[in-house]
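Report on the structure given below.
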Amino acid sequence: MNDALHHPANDAPAGAAKRMDEEDRAPMGMTVRVVIYLVAVHFFAAFLFLLFFLAGG
């Protein structure tokens with residue numbers, strides 16, 4: 001067996017595989033917050049860029 005492609009969930013019973021995959025992922029609420037923060041930061045950066053662009057023009 002190739003150890004580089006080996007995942008521990010492959011050795012577990014069928015019911016435990018789903019539980020192990022769920023433990024590997026971040027909670028949905030955290031994922032949503034990260035996406036919202038990333039979008040907000042990019043909007044803020046775009047606003048600052050526009051502000052400096054218009055002021056320097």
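The table below gives the values:
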quantity: Accessible area, probe 1.4 Å, largest first, for residues F47, F53; calculated: F53, F47
quantity: Residue-level accessible surface for L50, protein heavy atoms, 1.4 Å, Å²; calculated: 90
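The values are calculated or read from the model by the stated rules, or taken from the named source; none is laboratory data. Since this is a predicted model, take the numbers as computed values, not measurements. Ligands, DNA and RNA are excluded from the accessible area calculation, which covers all protein heavy atoms including side chains. Shrake-Rupley method; radii C 1.70, N 1.55, O 1.52, S 1.80 Å.
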